[in-house]
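Note sheet for the following structure.
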Amino acid sequence: MMIRGIEGMTPEAIDAELQRGAKFVLFQYCISVLILTFKRPSDIYFVKSNESAIVKGLRFSLISFFLGWWGIPWGPIYTIGTFIVNFKGGRDITAEVIGSFNQPSDD
């Protein structure tokens, strides 16, 4: 999965941002097609301490608003769930991402 928002940043710069309160988050979106409903996570987003996670997740909420409601019964249920997650600033996965950075690679 891709991490958005760290392009061009050094590991030291990322660490400094994390010390100031930055975090790695996942947003959710929901799409319904007739009787099928899909709830999916976004890419991982790096949200700096001076940025709003709610604003970054707004597009995923809009996708769900326009495309998520139409599958019965899960469309409305999943759509409301994505709104709750996204308007709380996404799901914070900072600890998991940092843990994966610290694991040795299998190269």
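Across the chain, counting alpha-carbon atoms alone, Rg and Dmax equal 15.8, 48 Å. For the chain, averaging the sequence separation of C-alpha pairs within contact (under 8 Å, six or more residues apart) and dividing by the residue count gives a relative contact order of 31 percent. Residues whose amide H comes within less than 5 Å of that of Trp70, counting only those at least five positions distant or on another chain, are Ser32 (H built at 1.01 Å from N in the peptide plane). Angle of helix 53-67 to the longest C-alpha principal axis of the chain, folded into 0 to 90 degrees and rounded to 10: 20°. Here the sum of -39500 (n - 2.57) over DSSP H runs of 4 or more residues, divided by the residues of the chain, equals -13500 deg cm²/dmol at 222 nm, to the nearest 500.
Counting only the Cα atoms, segment 13-73 fills a convex hull of 71 Å³ per residue. Note the angle between two axes, namely the Cα long axis of helix 74-87 and the longest principal axis of the Cα atoms of the chain, as a number of degrees from 0 to 90, rounded to the nearest 10. For helix 74-87, the angle is close to 30 degrees. Charge tally around Glu12: other residues with Cβ under 15 Å, Lys/Arg +1 each, Asp/Glu -1 each, net 0.
None of the figures in this text is laboratory data; all of them are computed from the coordinates on show. These figures come from a predicted structure and were not determined experimentally. Methodologically, a virtual Cβ is constructed for each residue, glycine included, from the backbone with ideal geometry; neighbour enumeration extends over all protein chains shown.
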